[in-house]
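Engineer: First the structure, which I've put down as structure tokens, then a few questions once you've had a look.
The values are calculated or read from the model by the stated rules, or taken from the named source; none is laboratory data. Predicted model only: the values in this text are computed from it and were never measured. Here the Cβ is made from the backbone with ideal geometry for all residues, glycine too, and neighbour counts use every protein chain on show. Quick note on the areas: whole protein, heavy atoms, side chains included, nothing else; ligands and nucleic acids left out. Shrake-Rupley method; radii C 1.70, N 1.55, O 1.52, S 1.80 Å.
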Amino acid sequence: MSLTLTPFMVRLDEVHAVVGSRNPRTYEVLSQWAGAGWVAEDEQFDYEIADGAPTSSEAALAVINGGPFDKEYGHRYASAYHDICGFMTDFTLPYNEFSGFRSGWLVDVGKGLEHLGITTAKLDDLVYGTLPAPLPFAEDWYYGEWDTATCRAGFAQWQASTPQQQAELHPEVLAAVKTCVAWMEAVVVTDQSEGEFGIAGFLG
């Protein structure tokens with residue numbers, strides 16, 4: 001089974017606040033933005049929906065309203081939160097090195113980060129965290145975050161690494177590490193005056 005890690009640079013407080021906001025306008029604009037994607041997703045999961053799983057629209061509405069949730073279909077609400085983060089980001093981050101990989105790759109990249117002294121921004125924290133409450137556990141979906149402070153510290157640790165240390169890594173691992181660094185740098189260089197940015201990561 002191949003996996004993909006999708007990063008979004010968002011104001012974490014703002015996306016957290018959507019959960020349970022009960023804001024009909026949020027649902028309206030999200031449904032307009034997601035429209036065709038929701039139709040395609042419902043076709044993909046039509047067998048689950050026939051058994052009682054929420055449609056994409058119903059899952060998004062439940063997330064915005066803070067429930068009710070059917071814990072059997074936690075992945076549907078995680079997918080809806082993924083859509084919310086995608087809708088609320090103005091930035092497209094690169095993730096080619098994290099698209100279509102197999103288990104073990106994150107361990108390799110994590111070791112590469114550690115080799116360079118990047119110990120603050122850990123991949124495990126980005127993908128094995130917890131979805132915002134009260135979203136239920138989502139089987140086959142993983143989520144985590146790097147806040148602003150984490151990105152700043154991780155980027156500073158990258159800047160302190162040496163060309164020799166970098167050259168010691170396998171080229172593919174180094175490319176993936178540089179992608180992670182690009183996520184951190186995007187946060188560091190962005191104006192934080194209207195709220196702090198961070199990285200929301202979805203693994204599925």
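Engineer: Just one of Leu113, Leu106, Leu126 is in a helix (DSSP H, G or I), surrounded by 19 or more Cβ atoms within 10 Å (Cβ to Cβ) and in contact with a Pro (Cβ under 8 Å, 6 or more places away or on another chain); which is it?
Structural biologist: Values: Leu113 fails: in contact with a Pro (Cβ under 8 Å, 6 or more places away or on another chain); Leu106 fails: in contact with a Pro (Cβ under 8 Å, 6 or more places away or on another chain).
Step by step, each of Leu113, Leu106, Leu126 is checked, and only Leu126 is in a helix (DSSP H, G or I), surrounded by 19 or more Cβ atoms within 10 Å (Cβ to Cβ) and in contact with a Pro (Cβ under 8 Å, 6 or more places away or on another chain).
Engineer: Here's another thing I want to ask about it. Got a sec? Which of Ala149, Ala156 is without any contact (Cβ under 8 Å) to a residue 12 or more places away in the chain, touching a helix residue (DSSP H, G or I) at 6+ places or on another chain (Cβ under 9 Å) and either of a type in the set (S, T, N, Q) or in a helix (DSSP H, G or I) (or both)? Talk me through it step by step, then tell me what you get.
Structural biologist: Values: Ala149 fails: touching a helix residue (DSSP H, G or I) at 6+ places or on another chain (Cβ under 9 Å).
Going through Ala149, Ala156 in turn, just one is without any contact (Cβ under 8 Å) to a residue 12 or more places away in the chain, touching a helix residue (DSSP H, G or I) at 6+ places or on another chain (Cβ under 9 Å) and either of a type in the set (S, T, N, Q) or in a helix (DSSP H, G or I) (or both): Ala156.
Engineer: Show the residue pairs that are 6+ apart or on different chains and have beta-carbon atoms under 8 Å apart, the first residue being within segment 87-100 and without any contact (Cβ under 8 Å) to a residue 12 or more places away in the chain and over 20 Å from Gly198 (Cβ atoms), the second being buried (at least 18 other Cβ atoms within 10 Å of the Cβ) and of a type in the set (Ser, Thr, Tyr).
Structural biologist: Filtered contacts from segment 87-100: no entries.
Engineer: When Ala53 is evaluated against the numbered criteria (1) touching a residue at least 40 places away in the same chain (Cβ under 8 Å); (2) touching a Phe, Trp or Tyr at 6+ places or on another chain (Cβ under 9 Å); (3) open to solvent by less than 30 Å² (accessible area, probe 1.4 Å); (4) more than 23 Å from Thr6 (Cα to Cα), which criterion, by number, is the only one it fails?
Structural biologist: Of (1) touching a residue at least 40 places away in the same chain (Cβ under 8 Å); (2) touching a Phe, Trp or Tyr at 6+ places or on another chain (Cβ under 9 Å); (3) open to solvent by less than 30 Å² (accessible area, probe 1.4 Å); (4) more than 23 Å from Thr6 (Cα to Cα), only one is false for Ala53: (1).
Engineer: Grab the helices (runs of 4 or more DSSP H) fully contained in segment 1-91, keeping just those with 1 or more residues being at pLDDT below 95 and farther than 25 Å from Lys122 by Cα. It would help to see each step written out before you state the result.
Structural biologist: On the way: elements: 12-18, 24-44, 46-50, 56-65, 74-88.
The helices (runs of 4 or more DSSP H) meeting that bar are 24-44.
Engineer: Also, quick follow-up: Just to be sure I understand the filter: pairs with C-beta atoms under 8 Å, separated by 6 or more residues or on different chains, first member in segment 62-85 and closer than 16 Å to Thr130 by Cα and among the charged types (D, E, K, R), second member modelled with pLDDT of 95 or more and in a helix (DSSP H, G or I). Which pairs pass?
Structural biologist: Partner pairs satisfying both residue conditions: Arg76/Glu48; Arg76/Ser56; Arg76/Ala59.
Engineer: Just one of (1) surrounded by fewer than 19 Cβ atoms within 10 Å (Cβ to Cβ); (2) in contact (Cβ under 8 Å) with a residue 40 or more places away in the chain trips up Phe8, so point out which.
Structural biologist: Here Phe8 meets the rest and fails (1).
Engineer: Between a first residue in segment 162-186 that is of a type in the set (D, E, K, R) and a second residue that is surrounded by fewer than 20 Cβ atoms within 10 Å (Cβ to Cβ), which pairs have beta carbons less than 8 Å apart while being 6 or more apart in sequence or on different chains?
Structural biologist: Taking only residues 6 or more apart or on different chains, the pairs are Glu168/His115; Glu172/Glu97.
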